[in-house]
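Here's the structure, in structure tokens; my notes come after.
The values are calculated or read from the model by the stated rules, or taken from the named source; none is laboratory data. These figures come from a predicted structure and were not determined experimentally. Cβ atoms come from the backbone with ideal geometry, glycine included; neighbour counts cover every protein chain shown.
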Amino acid sequence: MSSTFRFTSRRNTAPAAAPASRDLVVDFIRVACMFAVVAVHLLMMGISVGDSGIGVGNPLTSLSWFAQGTWFGQVMPLFFIVGGFASLTSWRSLKRKGGDGGDYLRNRVLRLVRPTVALYIFLAIALWSATAAGVPADLLAVIAAGAGVQLWFLAAYLICQAMVPTMAKFHEAAPYRTVAALAAVAVVVDVLRLGLERNPWGFDSNPIGLLNMVFVWGLLQQLGFFYADGFFDRFAKWKLVVAAAGCYAVMVPLTHAGPYPVDMLTSQNPPMFPLILVGLAHILLVKAAYPVLQRCVRVGWVQKVMFVVGSRAMTIYLWHLPLIIAMFGIALVLRLPFPEPASTEWWLSRPLFYVAAWALVLLVSTPLVRLELASTALAPGAVRPAMWRIALGTVLAIIPPFVVMRSALDVSNATWGLVLLVIAVAMVSGKVPDRAWKTPRTIATGPAAS
């Protein structure tokens, strides 16, 4: 649940939250991002059927304008910003009710990982079954890799969520210096990574860029803290638009003359500094269009769509790619015609597939949404796990999607990844028996714990 907060600082820089009305525009942006993600992933799957067999490619890369279009269509930076808004408001609410960082992290791990366990169960069973059925290894590898593309987000978002209590303190003490420090380190990481791409020792410099999962995504989350504080509200619309244009203007030399790729999707894993500019430009434009967006979210049917999609956003995100792949698989079995990717017929058929994909996603998410909405409150009289259990559970939850991000999904990491995720949920759930050498504190159940 998202709320808008206004605050003043004891040092004129730190927030003192006071809850106000819920910001439906933030919910609208989250849902709009979800529609965009499903659309882009659907369009990136071009399946061709010919005498040589089944071919899979990305038709969007053949479009001359696609790379430049990602400056507007790459919505994940904006998603992290609105996630930062929700995270800070949730953290402040929890603190007012007596919760601490352990409570916050436990709640977030359960909210994010329980739906992921269900997906991993499905993926492990499906991949083992396909292997046993003799599906060609190369085809299965392509299918598995496609079904796990979206899992990088879980690793990145869990890392950012683990940072929230600490980064909220930095934000309260020195908001501008915190952002400046994150930006500076992000640039240093990029310089090291890009500078060592052609090194005489032959080692891969990409792992250096993984540090920016903390600094790039973390900085975007930090911008969401500023949004929650009402920072952007102080500027006139024209100033917001000019500032957004300035972000894009800076990106031109960075990408066309500098070392960064023009395509912002290729800058995603590992994340690179221009994503910060993309996210900042997007949130500036959102605030410039805020009055229009407010009128949109007052429309009855828009609110209904926002509720249906927003209440199961994580489930939809996790399942949309496997279900899109399954949809195309069913079409192949039924011998439906597959137009040549990027042809006129292919483009004209995409809206139908888009509607079908959403119908399938909503159908499957209906029973699974219970995992996303289930309470994280401890049972009456139960004790919260010690902080080290919560921290270990968080690390275990990050490992499976992180490995998939680095090496693609396969039957092996789907299987042991499922095991680690189940252990992670058990570690943070509060059902671990108490030990004589460590007595976890009892916390209240109910709204404060959920």
Positions within the stretch 16-71 being modelled with pLDDT of 90 or more, within 28 Å of ALA86 (Cβ to Cβ) and in a loop (DSSP other than H, G, I, E, B), in sequence order:
MET44
Looking at the structure I just gave you, is PHE328 among the hydrophobic types (A, V, I, L, M, F, W, C), assigned to a helix (DSSP H, G or I), farther than 24 Å from VAL25 by Cα and touching a strand residue (DSSP E or B) at 6+ places or on another chain (Cβ under 6 Å)?
yes
Taking the condition of being assigned to a helix (DSSP H, G or I), more than 22 Å from LEU392 (Cα to Cα) and not β-branched (Val, Ile, Thr), how many residues in the stretch 89-111 meet it?
5
Unique match (being more than 30 Å from ARG389 (Cβ to Cβ), of a type outside the set (Asp, Glu), in contact with a helix residue (DSSP H, G or I) (Cβ under 9 Å, 6 or more places away or on another chain) and in a helix (DSSP H, G or I)) among ALA144, ALA180, ALA156, ALA162
ALA144
Working only within the stretch 58-89, note down all residues that are over 22 Å from ARG22 (Cα atoms) and among the aliphatic types (A, V, I, L, M).
LEU60, LEU63, ALA67, VAL75, MET76
Out of all the residues in the stretch 152-209, which are basic (Lys, Arg), modelled with pLDDT of 95 or more and more than 18 Å from LEU277 (Cα to Cα)?
LYS169
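Yes or no, residue by residue, for (1) closer than 16 Å to LEU220 by Cβ; (2) over 24 Å from the mean Cα position of the chain (by Cα):
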residue: LEU88; (1), (2): yes, no
residue: LEU94; (1), (2): no, no
residue: LEU105; (1), (2): no, no
residue: TYR120; (1), (2): no, no
residue: ALA130; (1), (2): no, yes
residue: VAL142; (1), (2): no, no
residue: CYS160; (1), (2): yes, no
residue: MET167; (1), (2): yes, no
residue: ALA174; (1), (2): no, yes
Reported set for the stretch 332-378 where residues are among the aliphatic types (A, V, I, L, M), surrounded by 15 or more Cβ atoms within 10 Å (Cβ to Cβ) and not in a helix (DSSP H, G or I) is ALA342, ALA377, LEU378
GLY98: passes all of (1) surrounded by 14 or more Cβ atoms within 10 Å (Cβ to Cβ); (2) out of contact with any Asp or Glu (no Cβ under 6 Å at 6 or more places or on another chain); (3) not aliphatic (A, V, I, L, M) but (1)
Going residue by residue through the stretch 255-273, is there one that turns out to be out of contact with any Gly (no Cβ under 8 Å at 6 or more places or on another chain), hydrophobic (A, V, I, L, M, F, W, C) and without any contact (Cβ under 8 Å) to a residue 60 or more places away in the chain?
yes
Restricting to the stretch 164-205, and then to whatever is closer than 22 Å to PRO261 by Cβ and of a type in the set (S, T, N, Q), can you tell me which residue is surrounded by the most Cβ atoms within 10 Å (Cβ to Cβ)?
SER205
